[in-house]
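Taking it in order: structure first as structure tokens, then the write-up.
The values are calculated or read from the model by the stated rules, or taken from the named source; none is laboratory data. For clarity, every value in this text was computed on a predicted model and none was experimentally measured. With ideal geometry, Cβ positions are generated from the backbone for all residues, glycine too; neighbour counts draw on all protein chains shown. All accessible areas refer to the heavy atoms of the entire protein, side chains included, with ligands and DNA or RNA removed. Shrake-Rupley method; radii C 1.70, N 1.55, O 1.52, S 1.80 Å.
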Amino acid sequence: MHEDQEKLLGGLDRFQREAVTSLDGPVRIIAGAGAGKTRTITHRIAYACAQGSWDPSKTMAVTFSVKAAAEMRSRLTALGVPESVKAATFHSAAFQQLRQVWPQVSSSYPPTLIQDLRPLVKAAYKRVCGQEEADPGQVRDLEAEINWAKVGLIAPKEYVRVCAATHRTPPAGLDPDRMADLYEAFEYDKSAHNQMDFNDILLLVCHILEEEPEAAAVIRSRIRWMTVDEYQDVSPLQHRLLRLWLDDRDNLCVVGDPAQTIYSFAGATSYYLLDFPEEYPSMKADLQLNTDYRSTPQVVNYANRVLSKSPNRGDYLKLKSNREAGKRIGTTRYQDDVEEAHGVAKRIERLIHGGADPGQCAVLTRINAQQPVICAALHERGIPYRLRTDSGWLDQSVSEVTAVQSSEKTIEDLQQARARGQVTVSTIHAAKGLEFGHVFLVGCSEGLLPFGSPREGEDLEEERRLMYVAVTRAEDTLHLSFAEKKDPASFARRTPSRFVQG
């Protein structure tokens with residue numbers, strides 16, 4: 001073996017090494033939290049290119065966020081992988097393909113990409129409902145519903161049938177027929193102005209791949225070896241695009257973790273990851289990475305217990321820690337939200353006085369509304385912090401397309417918060433993919449986590465996975481807490497979350 005190839009295998013455990021050297025697809029890698037997923041992916045690509053098994057100019061890796069794509073590109077460069085290897089988000093890759101082949105498929109100007117859909121949603125609502133403008137919350141929910149339908153490949157004419165079949169209730173008090181009319185009006189107005197949204201990028205590329213053979217050949221000529229990260233978050237639209245990219249080829253490697261599927265509300269589904277052996281019966285390797293190099297045994301055992309009561313337990317890995325024993329995990333009960341916030345801030349202050357870097361601390365919340373009281377308590381003690389709210393899952397995957405610096409800057413700021421010595425205050429959704437030395441998970445009560453106290457079913461399972469993701473962000477210490485009441489004047493009392501382990 002060449003010296004450079006051997007170096008690429010150095011430092012890998014037995015299972016990572018097997019994944020890196022399994023170069024012929026189809027390949028499925030189930031990688032648990034902290035198991036070195038990105039390291040394995042990038043070393044696999046580097047090893048295949050160094051060995052001459054893959055042509056770098058025909059190698060592509062796609063993921064879901066700008067942060068993840070940038071991290072992958074950075075690691076590939078550090079491993080000496082040629083720049084011709086493409087690492088991008090789904091939307092960025094498709095957008096570049098669309099620009100490349102548009103002159104081949106149309107003599108007209110390409111559609112203008114619109115970033116803010118709210119004016120179109122408001123106009124459609126007013127036209128269909130005959131009322132004054134919808135309030136901001138309704139507009140947000142209506143836009144999310146349209147996006148959900150589009151990533152699910154549900155056309156306006158199919159929306160009513162799908163709602164009936166799935167017992168789905170449209171937002172903003174609309175019945176399915178009225179929502180379908182609004183959806184259709186939204187699409188009509190957008191097309192009439194030669195505009196497209198982010199999901200249209202994927203839909204247009206799918207159409208070209210299906211209906212324009214010459215342009216399709218140009219696109220596919222750059223895709224021979226494909227790697228898909230975070231495959232548990234693939235939507236039906238992204239899956240369709242992936243199959244069209246590959247055509248009849250199967251040199252595909254998918255990597256993901258069903259236990260970290262937390263974006264079902266946005267159309268993501270772990271179905272394709274779990275169903276991969278049936279979809280690709282010629283699968284060459286089916287591998288598992290379940291050694292967590294990030295977290296202490298106490299954190300890992302807690303995470304395993306969170307999933308242990310799941311009816312879907314068979315779909316999830318059981319992690320094992322590669323670290324020495326750490327501190328015990330306990331749950332602190334506070335009288336109200338303010339007392340909880342000050343209690344957490346005091347604990348962080350003690351950590352800092354003991355030599356901990358504030359940038360190694362994170363306070364995770366289920367919803368944005370929990371954050372102001374936390375920030376106020378940190379501010380009162382003079383502890384610097386960085387706030388991260390749920391600004392939209394889609395924003396993380398499409399900002400690379402538009403080169404909107406504000407979205408990218410937000411993500412970069414979060415990455416760099418640790419280096420600047422700032423505590424991160426973040427929702428659990430926004431913290432996915434990150435890790436911190438000391439994690440404080442607040443609001444561990446019924447109604448908050450799980451949110452809304454759902455009954456047994458997929459909604460509860462999504463909340464369970466969200467708890468698992470929150471727990472596995474912790475490297476060294478994990479602190480759980482909840483408040484019995486929202487404020488001293490509140491009569492409603494909270495009970496500990498069913499996910500909290502005794």
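Can you give me the number of residues within segment 463-498 that are of a type in the set (Val, Ile, Thr) and surrounded by fewer than 24 Cβ atoms within 10 Å (Cβ to Cβ)?
Residues that pass the stated criteria total 3.
Sort through Ala35, Ala31, Ala69 and tell me the only one that's at pLDDT below 95 and either touching an Asp or Glu at 6+ places or on another chain (Cβ under 7 Å) or β-branched (Val, Ile, Thr) (or both).
On the way: Ala35 fails: at pLDDT below 95; Ala31 fails: at pLDDT below 95.
Result: Ala69 is the single residue among Ala35, Ala31, Ala69 that is at pLDDT below 95 and either touching an Asp or Glu at 6+ places or on another chain (Cβ under 7 Å) or β-branched (Val, Ile, Thr) (or both).
Between a residue in segment 159-176 that is in the same structural domain as Glu187 (by the TED database) and closer than 18 Å to Gly130 by Cβ and any residue that is assigned to a loop (DSSP other than H, G, I, E, B) and among the small types (Gly, Ala, Ser), which pairs come within a Cβ distance under 7 Å, given they are 6 or more apart or on different chains?
Ala172/Ala134
Modelled with pLDDT of 95 or more and part of a loop (DSSP other than H, G, I, E, B), is that true of Ile154?
On the way: modelled with pLDDT of 95 or more: yes; part of a loop (DSSP other than H, G, I, E, B): yes.
Spelling it out, Ile154 is indeed modelled with pLDDT of 95 or more and part of a loop (DSSP other than H, G, I, E, B).
Condition first: in contact with a Gly (Cβ under 9 Å, 6 or more places away or on another chain), hydrophobic (A, V, I, L, M, F, W, C) and either closer than 30 Å to Gly354 by Cα or modelled with pLDDT under 95 (or both). Can you find one or more residues in segment 425-432 that meet it?
Within segment 425-432 (the criterion being in contact with a Gly (Cβ under 9 Å, 6 or more places away or on another chain), hydrophobic (A, V, I, L, M, F, W, C) and either closer than 30 Å to Gly354 by Cα or modelled with pLDDT under 95 (or both)), the answer is no, since none of the residues qualifies.
Just the residues that are touching a Pro at 6+ places or on another chain (Cβ under 6 Å) and not hydrophobic (A, V, I, L, M, F, W, C), please, taken from segment 241-295.
Within segment 241-295, Asp250, Ser270, Tyr280 meet the criteria.
If you check Thr227, Thr269, which single one turns out to be over 16 Å from Ala61 (Cβ atoms) and outside the structural domain of Leu466 (by the TED database)? Before the answer, list the steps.
Details: Thr227 fails: over 16 Å from Ala61 (Cβ atoms).
The conditions single out Thr269.
What residue, among those in segment 247-270 that are over 25 Å from Arg39 (Cβ atoms) and in a helix (DSSP H, G or I), is most open to solvent (accessible area, probe 1.4 Å)?
Among residues in segment 247-270 that are over 25 Å from Arg39 (Cβ atoms) and in a helix (DSSP H, G or I), the one most open to solvent (accessible area, probe 1.4 Å) is Phe265.
For (1) open to solvent by 30 Å² or more (accessible area, probe 1.4 Å); (2) more than 30 Å from Val234 (Cβ to Cβ); (3) at pLDDT below 90, each residue gets a yes or a no:
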{"residue": "Pro111", "(1), (2), (3)": "no, no, no"}
{"residue": "Leu117", "(1), (2), (3)": "no, no, no"}
{"residue": "Lys126", "(1), (2), (3)": "yes, yes, no"}
{"residue": "Glu132", "(1), (2), (3)": "yes, yes, yes"}
{"residue": "Gly137", "(1), (2), (3)": "no, no, no"}
{"residue": "Ala149", "(1), (2), (3)": "no, no, no"}
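Going through segment 282-314 one residue at a time, which ones are surrounded by 17 or more Cβ atoms within 10 Å (Cβ to Cβ) and among the charged types (D, E, K, R)?
Asp292, Arg294
Gln195 - would you say it is closer than 21 Å to Phe64 by Cβ, open to solvent by 10 Å² or more (accessible area, probe 1.4 Å) and of a type in the set (S, T, N, Q)? Working first, answer last.
Numbers: closer than 21 Å to Phe64 by Cβ: no; open to solvent by 10 Å² or more (accessible area, probe 1.4 Å): yes; of a type in the set (S, T, N, Q): yes.
No: the conditions fail for Gln195.
Quickly run through segment 46-87 and pick out the residues that are of a type outside the set (Ser, Thr, Tyr), in a strand (DSSP E or B) and crowded, with 22+ Cβ neighbours inside 10 Å. Outline the logic, then answer.
As a first pass, look at segment 46-87 and keep what is of a type outside the set (Ser, Thr, Tyr): 46, 48-52, 54-56, 58, 60-62, 64, 66-73, 75-76, 78-83, 85-87.
Filter once more, keeping what is in a strand (DSSP E or B): 60-62, 86-87.
Result: Ala61, Val62, Ala87.
Taking the condition aliphatic (A, V, I, L, M), touching a Leu at 6+ places or on another chain (Cβ under 6 Å) and free of Cβ contacts under 8 Å to residues at least 60 places away in the same chain, does Ala180 pass?
The answer is no for Ala180.
Can you tell me how many residues within segment 294-351 are charged (D, E, K, R), outside any helix (DSSP H, G or I) and in contact with a strand residue (DSSP E or B) (Cβ under 9 Å, 6 or more places away or on another chain)? Give the derivation first.
We begin by selecting, within segment 294-351, every residue charged (D, E, K, R); these are 294, 305, 309, 313, 315, 318, 320, 323-324, 327-328, 333, 336-337, 339-340, 346-347, 349-350.
Subsequent filtering for residues that are outside any helix (DSSP H, G or I) retains 294, 309, 318, 320, 323-324, 327-328, 333, 336.
Of the ones still in play, those that are also in contact with a strand residue (DSSP E or B) (Cβ under 9 Å, 6 or more places away or on another chain) are 294, 320, 323, 327, 333, 336.
Here the count works out to 6.
Could you check how many residues of segment 372-388 are crowded, with 18+ Cβ neighbours inside 10 Å and over 13 Å from Val344 (Cβ atoms)?
Qualifying residue count for the region: 3.
Restricting to segment 161-186, give me the number of residues that are under 20 Å from Ser235 (Cα atoms) and assigned to a helix (DSSP H, G or I).
Adding up the residues that qualify gives 6.
Consider Val85 against the criteria (1) within 30 Å of Lys7 (Cα to Cα); (2) in contact (Cβ under 8 Å) with a residue 60 or more places away in the chain: it satisfies all of them except one. Which criterion is unmet?
Tallying (1) within 30 Å of Lys7 (Cα to Cα); (2) in contact (Cβ under 8 Å) with a residue 60 or more places away in the chain, Val85 fails exactly one: (2).
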